[in-house]
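Reading through the structure tokens given below for one structure.
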């Protein structure tokens with residue numbers, strides 16, 4: 001009887017203390033929490049070797065919550081969205097992003113993704129042989145004219161999405177300035193492929209420009 005009295009004595013006080021302890025624990029855990037909105041890069045992985053991703057979003061906006069001090073120290077390379085395309089076939093696809101697609105420190109929580117559904121297209125890759133055209137700017141020195149321009153190699157193989165490759169018939173070099181040129185020039189020029197989103201078997205070509213004095 002005495003033991004029972006010890007257990008039940010001041011039960012309401014004990015219960016109140018327990019509730020207060022839980023409330024204090026939640027306060028400690030939740031205090032200092034904050035949220036931010038961040039645009040993060042989307043990484044597309046496991047794309048079939050004969051396919052290429054075209055017409056796709058490069059970033060997605062997410063809401064993140066967590067301790068304010070952790071959010072302040074969060075770096076861009078610590079978080080990304082990863083989309084597995086291993087089972088996706090050629091054509092247009094719509095993919096719903098979930099929390100599982102977002103890679104971030106475990107102490108942080110994703111509370112929103114915008115847009116939650118993204119669309120992209122997978123296309124068959126294509127190879128094609130095209131000519132190389134030197135992009136010449138400026139004019140030689142007074143009394144000099146260009147006699148000949150040779151490019152080696154003058155043909156290259158490009159590879160990329162079929163819809164892109166089918167529209168390319170030649171590739172230009174980076175601009176080569178010959179302003180005031182009064183002697184033959186040998187120049188290793190980069191190919192201007194940045195605007196095409198394609199790759200090539202050669203990244204540079206040799207451009208030989210021959211000039212002649214006429215007066």
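Taking Cα atoms only, the orientation of helix 11-30 departs from the longest principal axis of the chain by about 10 degrees. Note on residue 195 and residue 109: the model spin-label points, each 7 Å out from Cα along the C-beta direction, lie 4.9 nm apart. For the stretch 32-115, pairs of C-alpha atoms spaced more than 17 angstrom apart make up 49 percent of the total. Dividing the summed -39500 (n - 2.57) terms of all DSSP H runs of n ≥ 4 by the residue count of the chain sets its mean residue ellipticity at 222 nm at -4500 deg cm²/dmol. Computed over the alpha-carbon pairs of the chain, the distance histogram in 10 Å steps reads 7, 20, 16, 15, 14, 11, 7, 4, 3, 2, 1, 0, 0 percent, short to long. The stretch 139-209 has equivalent-ellipsoid semi-axes of 29, 11, 10 Å, by the square roots of 5 times the alpha carbon gyration tensor eigenvalues, sorted largest first.
No lab work stands behind these numbers, since they all come straight from the coordinates. Since the structure is predicted, the reported quantities are computational estimates derived from the model, not experimental observations. Every residue, glycine among them, receives a Cβ derived from its backbone with ideal geometry; neighbour counts consider all protein chains shown.
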